[in-house]
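First comes the structure, then the notes that go with it.
The values are calculated or read from the model by the stated rules, or taken from the named source; none is laboratory data. Please read all numbers here as calculations on a predicted model, not as lab measurements. A quick note on method: Cβ atoms are made from the backbone with ideal geometry, for glycine too, and the neighbour counts reach across all protein chains shown. Areas reflect the complete protein model, heavy atoms only, side chains present, ligands, DNA and RNA absent. Shrake-Rupley method; radii C 1.70, N 1.55, O 1.52, S 1.80 Å.
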Amino acid sequence: MTKPTNPKTFHVKSFGCQMNVYDGERMTELMAAQGLTATDDVSAADLVVLNTCHIRERATEKVYSDIGRLRKHGNDPMIAVAGCVAQAEGVEIARRAKVDIVVGPQAYHNLPDLVAKASRGELGLDTDMPVLSKFGALPARRKVGPTAFLTVQEGCDKFCTYCVVPYTRGAEISRGWDALVDEARALVDAGAKEITLLGQNVNAWSDGERDLGALIRELDRIPGLARIRYTTSHPNDMTDGLIEAHRDVEKLMPFLHLPVQAGNDRILKAMNRSHSRDSYLRILDRVRAVRPDIALSGDFIVGFPGETEAEFADTLNLIEEVAYAQAFSFKYSPRPGTPAADMDGQIAPEVMDERLQRLQAALNRDQAAFNAASVGRTCQVLIERRGKLPGQMLGKSPWLQSIHLITDARIGDLVEVEIVSAGPNSLAAVERMQAAA
Ligand code: SAH
Ligand code: SF4
Ligand code: F3S
């Protein structure tokens, strides 16, 4: 335990997925509402919240090196481990490292009580999972930037055999319609132009009658909201209503992140993905039929236990067939307590490295082709921040590409542009009026 303190300043550091970013923002708002001051300088913070990710081994190990660094070089702050490692390892973390608080992703609304407890020199531990009461106990949204996250759904019931999320985030639950519409309105009032709806399986959102497509249609009616996105989706939850929203709702951006993980049916079955290669491809066909310009994204795992060279080749040829605009890819990481960790045929690290390289070469090739094909396109860019050059601003295209341009427009503005060139990481655009001149 650290020296007892009543922290005055705090810093929240989030790792992992966008849901953790959202949770980090909510914890920041919560502690600010308690009178603490947020600081960007970790070394100056009295309280450091590490909002952790457990998805792969390396993510988990990072927590311990971060704690070590804070203890060595910092001002010996109060340390709270939040997020998925906190949920998975619980009190073990306090045995292995010097921390003051361990708080799970469904219990962080209790952070002020835990800080008070830690200030008395006791370990603040809370890994309960009362998901819905968490949201009810959080303060109202503060000022946000032009793009904001809104968690609509949490948890997962899918139990893919490699994955810790069902254990760290708990069962699938959906937040209520009214709370979500209210929070979306509050975000727009606070400055958001674009809202990204979040969930571990965001498209599993339902209030019993209505699906995510219906919620998107409702949010479409909020004046001042210009763009709607959602992530991450599961292939089996791609409802007709959601696909139709891609046809009808102009504010819904033409982008779909739909992880497939692998292109071979035996591997998909061993992963317990509950979709096949073919059923996945058919969903993409249906989405493309209503929204031909949709940019597709995915997640991939190479080296799942037992994956043969021929099975891996099926993932490569699926990539060729789909032509993703962008994607994330990972080496399989055995996670304690998941079924795949005990499967026969664990793949050697050098084989995984080699497969990942080939996979990423294919994905990079497709991403470059998608970006090159965007040159000459006209679209709107939502300005998110300043660039490095004088007068340069950075933003996103509807297809989630990073765009830079010289403009007088300000952060939060939507600018009509023509994309003029494509580099490896971002595209250059010029404002339409300039393009015409
Ligand atoms: N619910 C989402 C993804 C959540 S986790 C979905 O089902 O698609 C984000 C990504 O991390 C997964 O899509 C998967 O590609 C990767 N991932 C999850 N567990 C992993 C593991 N044990 N090893 C390597 N990558 C993993
Ligand atoms: Fe993990 Fe599968 Fe659930 Fe995605 S659907 S969070 S990969 S168990
Ligand atoms: Fe990581 Fe938890 Fe998100 S394990 S990916 S932070 S749901």
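Pick out the one residue from Phe15, Phe10 that is closer than 24 Å to Thr161 by Cα, among the aromatic types (Phe, Trp, Tyr) and at pLDDT 95 or above. Please lay out each step first, then the result.
Numbers: Phe10 fails: closer than 24 Å to Thr161 by Cα.
Only one candidate qualifies: Phe15.
Look at (1) in a strand (DSSP E or B); (2) within 16 Å of ligand 1 (Cβ to nearest atom) and you find that Asn203 fails only one, number (1).
If I filter the range 148-174 down to residues being near ligand 2 (Cβ under 7 Å from one of its atoms) and part of a loop (DSSP other than H, G, I, E, B), which single residue comes out as nearest to Val85 (Cα to Cα)? First the steps, then the outcome.
Of the residues in the range 148-174, the ones near ligand 2 (Cβ under 7 Å from one of its atoms) are 156, 158-160, 163, 165-166.
Now restrict to residues that are part of a loop (DSSP other than H, G, I, E, B): 156, 158-160, 163.
On the way: Cys156: 16, Lys158: 20, Phe159: 18, Cys160: 18, Cys163: 13 Å.
Only one residue fits best here, namely Cys163.
In summary, Thr378 fulfils each of the numbered conditions (1) over 26 Å from Glu320 (Cβ atoms); (2) touching a His at 6+ places or on another chain (Cβ under 6 Å) with the single exception of condition (2).
Can you tell which of Ala107, Ala38, Ala33, Ala45 is open to solvent by 10 Å² or more (accessible area, probe 1.4 Å), touching a strand residue (DSSP E or B) at 6+ places or on another chain (Cβ under 8 Å) and not aromatic (Phe, Trp, Tyr)? Talk me through it step by step, then tell me what you get.
Working: Ala107 fails: open to solvent by 10 Å² or more (accessible area, probe 1.4 Å); Ala33 fails: touching a strand residue (DSSP E or B) at 6+ places or on another chain (Cβ under 8 Å); Ala45 fails: open to solvent by 10 Å² or more (accessible area, probe 1.4 Å).
When all the criteria are applied, what remains is Ala38.
Any chance the range 411-422 includes a residue that's open to solvent by 50 Å² or more (accessible area, probe 1.4 Å) and touching a residue at least 60 places away in the same chain (Cβ under 8 Å)? Scanning the range 411-422 turns up at least one residue that is open to solvent by 50 Å² or more (accessible area, probe 1.4 Å) and touching a residue at least 60 places away in the same chain (Cβ under 8 Å). Within the range 144-157, the set of residues being open to solvent by 20 Å² or more (accessible area, probe 1.4 Å) and in contact with a helix residue (DSSP H, G or I) (Cβ under 7 Å, 6 or more places away or on another chain) comprises Val144, Phe149, Asp157.
Those residues that are aromatic (Phe, Trp, Tyr) and either away from ligand 2 (no atom under 15 Å from the Cβ) or not assigned by TED's automatic domain parsing to the domain that holds Leu197 (or both), I need them from the range 221-279; list them, please. Write out each step before concluding.
If we filter the range 221-279 for residues that are aromatic (Phe, Trp, Tyr), which is where we start, we get 230, 255.
Matches in the range 221-279: Phe255 only.
Residues that are within 20 Å of Pro349 (Cβ to Cβ) and at pLDDT 95 or above number at least 1 in the following helices (runs of 4 or more DSSP H) confined to the range 263-334: 265-270, 309-322. Specify which of the listed residues (Arg169, Arg141) is open to solvent by less than 50 Å² (accessible area, probe 1.4 Å), within 16 Å of ligand 1 (Cβ to nearest atom), in contact (Cβ under 8 Å) with a residue 60 or more places away in the chain and basic (Lys, Arg). Answer to the selection: Arg169.
In this structure, Ile383 qualifies as farther than 17 Å from Thr161 by Cβ and in a strand (DSSP E or B). Inside the range 282-313, can you point out the residues that are farther than 18 Å from Thr161 by Cα, open to solvent by 10 Å² or more (accessible area, probe 1.4 Å) and within 16 Å of ligand 1 (Cβ to nearest atom)? The answer is Ile283, and nothing else.
Name the residue, out of Ala94, Ala116, Ala88, that is surrounded by fewer than 23 Cβ atoms within 10 Å (Cβ to Cβ), assigned to a helix (DSSP H, G or I) and within 22 Å of the chain's Cα centre (by Cα).
Working: Ala94 fails: within 22 Å of the chain's Cα centre (by Cα); Ala116 fails: within 22 Å of the chain's Cα centre (by Cα).
It is Ala88.
The set of residues in the range 195-235 that are more than 16 Å from ligand 3 (Cβ to nearest atom), under 19 Å from the mean Cα position of the chain (by Cα) and in contact (Cβ under 8 Å) with a residue 60 or more places away in the chain comprises Leu212, Arg227, Arg229. Flag: Asp344 does not match the condition of being over 24 Å from Met253 (Cα atoms) and assigned to a helix (DSSP H, G or I). When Tyr162 is tested against (1) closer than 18 Å to Val202 by Cβ; (2) within 16 Å of ligand 1 (Cβ to nearest atom); (3) out of contact with any His (no Cβ under 9 Å at 6 or more places or on another chain), just one condition goes unmet, and that condition is (1). Would you check which residues across the range 65-78 are out of contact with any helix residue (DSSP H, G or I) (no Cβ under 6 Å at 6 or more places or on another chain) and crowded, with 16+ Cβ neighbours inside 10 Å and list them? Residues satisfying the conditions are Asp66, Ile67, Leu70, Pro77.
Of everything listed in (1) assigned by TED's automatic domain parsing to the domain that holds Lys269; (2) among the aliphatic types (A, V, I, L, M); (3) not in a helix (DSSP H, G or I), the single unmet condition for Ala429 is (1). Annotation: Ala435 fulfils all but one of (1) modelled with pLDDT of 95 or more; (2) open to solvent by less than 50 Å² (accessible area, probe 1.4 Å); (3) more than 12 Å from Asn371 (Cβ to Cβ); the unmet one is (1). Candidates are the residues of the range 237-252 that are out of contact with any Leu (no Cβ under 9 Å at 6 or more places or on another chain) and in a helix (DSSP H, G or I); the one that is most open to solvent (accessible area, probe 1.4 Å) is Arg247. Yes or no: the range 297-310 includes at least one residue that is in contact (Cβ under 8 Å) with a residue 60 or more places away in the chain and hydroxyl-bearing (Ser, Thr, Tyr). For the range 297-310, residues in contact (Cβ under 8 Å) with a residue 60 or more places away in the chain and hydroxyl-bearing (Ser, Thr, Tyr): present. Close Cβ contacts (under 9 Å, 6 or more residues apart or on different chains) running from residues in the range 313-332 that are outside the structural domain of Pro398 (by TED's automatic domain parsing) to residues that are in a helix (DSSP H, G or I) and within 16 Å of ligand 3 (Cβ to nearest atom) comprise Tyr332/Ala340.
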